[in-house]
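Down below is the structure, laid out as structure tokens.
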Amino acid sequence: MPVISVPQDFNEDDLFVDVEGIFGRPLFLKCEGFNFAGSIKLKAATEMVEAAERDGLLTAGSVLVESSSGNLGVALSMIAAAKGYQFLCVTDSRCNLATRLMMEALGGQVHVITEPDPVGGFLGARIDHVRALCASDDRYVWLNQYTNPNNGMAHYRRTAPAIARQFPDLDVLFVGAGTTGTLMGCARYFREWHRPVRIVAVDSVGSVTFGGEAGRRMIPGLGASRRPPMLDESYVDDVVRVAETDTIGACHRLAGRGFLFGGSTGTVVSGAMGWLARHEGRELTAVAIAPDLGERYLETIYQTNWVQDLYGEDAIDSQALTSASQAA
């Protein structure tokens, strides 16, 4: 039975789930979806907006604009609504419908890019669209999560210290790589910590973040079609790449035991289990960051027709997944 650890002085930074009972290997998930924005991106959004306000970049007439595959867009929609700013999210056709509707419900505008750039993919096309908007009207303020140092600083200040408090004997930390803000913030914190921690970056097959050929990626969140400017590989000890079918399998296995997590979490968990399997025999204290929950993926990775249309009839076998989870 999975164990949920909730300290008496609970706050959202202190919720960890022990999934050894599901997968048979020791791993704690740091759950980041229990806030009003539903993901870890609320931390980065808050840090970037507050920094822009301190620097005088955001004023009463400003229109926040950002490129996002979804979660940051929701976080910024929420913050913009609370602070009285307008917000425009530039996303692409892979963004979950529930995520787009949530941004609109919060008062945000959503521009959906339907054609990838021949070189830069969907990300390049989104960024080109943001730049064109900013050039057309000086009211637009682009926080630029891809280069903004406050993206990583949010995790240096909050995410990593929360993990360190709960796991003073931490050996290995698994972090998904998107913009690499979470990865770099946590890695820099633990580089300065009192004991060595192995940092394992988890990426999607088809992403070029750590080199290799670009390929089709249909699950939003992790991976990139161009190298993230913030990435400093000297802080990363290992890289694990996860196929999207393995992401889906991990999500369904977790759901079969009562935990509905998002695609980014499924990727990180699958990557962590693969890495831990190759390091069996060592007593390791291992933590993985679970960026989001699964409600926004009900029409995609939790929808059999969507999975089979994209990945084939054998991509998901509910009976096999249930049996595997029961056997673990």
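The values are calculated or read from the model by the stated rules, or taken from the named source; none is laboratory data. Everything quoted here is computed from the prediction, not taken from an experiment. Reconstructed Cβ throughout: ideal geometry from the backbone, glycine too, with neighbour counts over all protein chains shown. Just so you know, the surface numbers come from the protein's heavy atoms only, side chains and all, with ligands and any DNA or RNA stripped out. Shrake-Rupley method; radii C 1.70, N 1.55, O 1.52, S 1.80 Å.
Recomputing Cα extents along the principal axes in Å from the coordinates shown identifies the correct label among [x] 59, 42, 38; [y] 54, 47, 38; [z] 58, 49, 38 as [z]. Mean-square fluctuations from a GNM of the chain, with a 10 angstrom spring cutoff on Cα atoms, peak among E299, E192, E50 at E192. Per residue, the convex hull spanned by the Cα atoms of the range 179-224 amounts to 70 cubic angstrom. The ellipsoid equivalent to the alpha-carbon distribution of the range 106-147 has semi-axes of 19, 13, 11 angstrom, derived from the gyration tensor eigenvalues as √(5λ) and listed largest first. The antiparallel fraction among DSSP beta bridges confined to the chain stands at about 25%.
log10 I(q)/I(0), Debye, Cα-only the range 218-316, no solvent, q = 0.14, 0.18, 0.19, 0.24 Å⁻¹? Debye intensities relative to I(0), on a log10 scale: -0.59, -0.92, -1.00, -1.33.
Rolled with a 1.4 Å probe across the full set of protein chains, the surface gives R282 an accessible area near 140 Å².
Taking the accessible area of the range 43-177, probe 1.4 Å, and keeping the other protein chains in place, the carbon and sulfur fraction comes to 52%. In a simple Cβ point-charge model (Lys, Arg +1; Asp, Glu -1; nothing else charged), the range 1-142 has a dipole of about 260 debye relative to its Cα centre. The spacing between the range 198-229 and the range 240-314, judged by their C-alpha centroids, is 16 Å. Computed on the Cα trace of the range 169-275, the radius of gyration divided by the Kirkwood hydrodynamic radius gives Rg/Rh = 0.98.
Counting only protein chain heavy atoms and rolling a 1.4 Å probe, the accessible areas of K41, K83 rank, largest first, as K83, K41. Across the chain, Cα pairs under 8 Å and at least six residues apart give a relative contact order of 18 percent. Each residue was assigned an accessible area with a 1.4 Å probe, and for H111 the value is about 60 Å². Of all lysines in the structure, those lying under 27 Å Cα to Cα from K83, and not within fewer than 8 positions of it along the same chain, are K41, K43.
Structural descriptor for the range 227-276: relative contact order 38 percent, calculated from alpha carbon pairs under 8 angstrom and at least 6 residues apart. Computed over the range 63-138, the Cα gyration tensor eigenvalues convert (square root of 5λ each) into semi-axes of 20, 15, 8 Å, ordered from largest to smallest.
By the equivalent-ellipsoid construction on the alpha carbon gyration tensor, the range 216-264 comes out with semi-axes of 26, 13, 10 Å, ordered largest to smallest. Per-residue ellipticity at 222 nm, computed for the chain from helices alone with -39500 (n - 2.57) per DSSP H run of at least four residues, works out to -11500 deg cm²/dmol.
Stretching L101 away from T59 to a fully extended chain increases their span by 12.5 nm, per 0.36 nm per residue minus the current alpha-carbon distance. Averaged per residue, the chain has 43 square angstrom of accessible surface, using a 1.4 angstrom probe with ligands and nucleic acids left out. Using a Gaussian network model of the chain in which every pair of alpha carbons under 10 angstrom is joined by a spring, one finds that among A162, A187, A154 the greatest mean-square fluctuation is at A162.
With the simple spin-label model, which puts each label point 7 Å out from Cα in the Cβ direction, the E213 to D169 separation comes to 4.5 nm.
Along its principal axes, the range 132-192 has C-alpha extents of 52, 18, 16 angstrom, given from the largest down.
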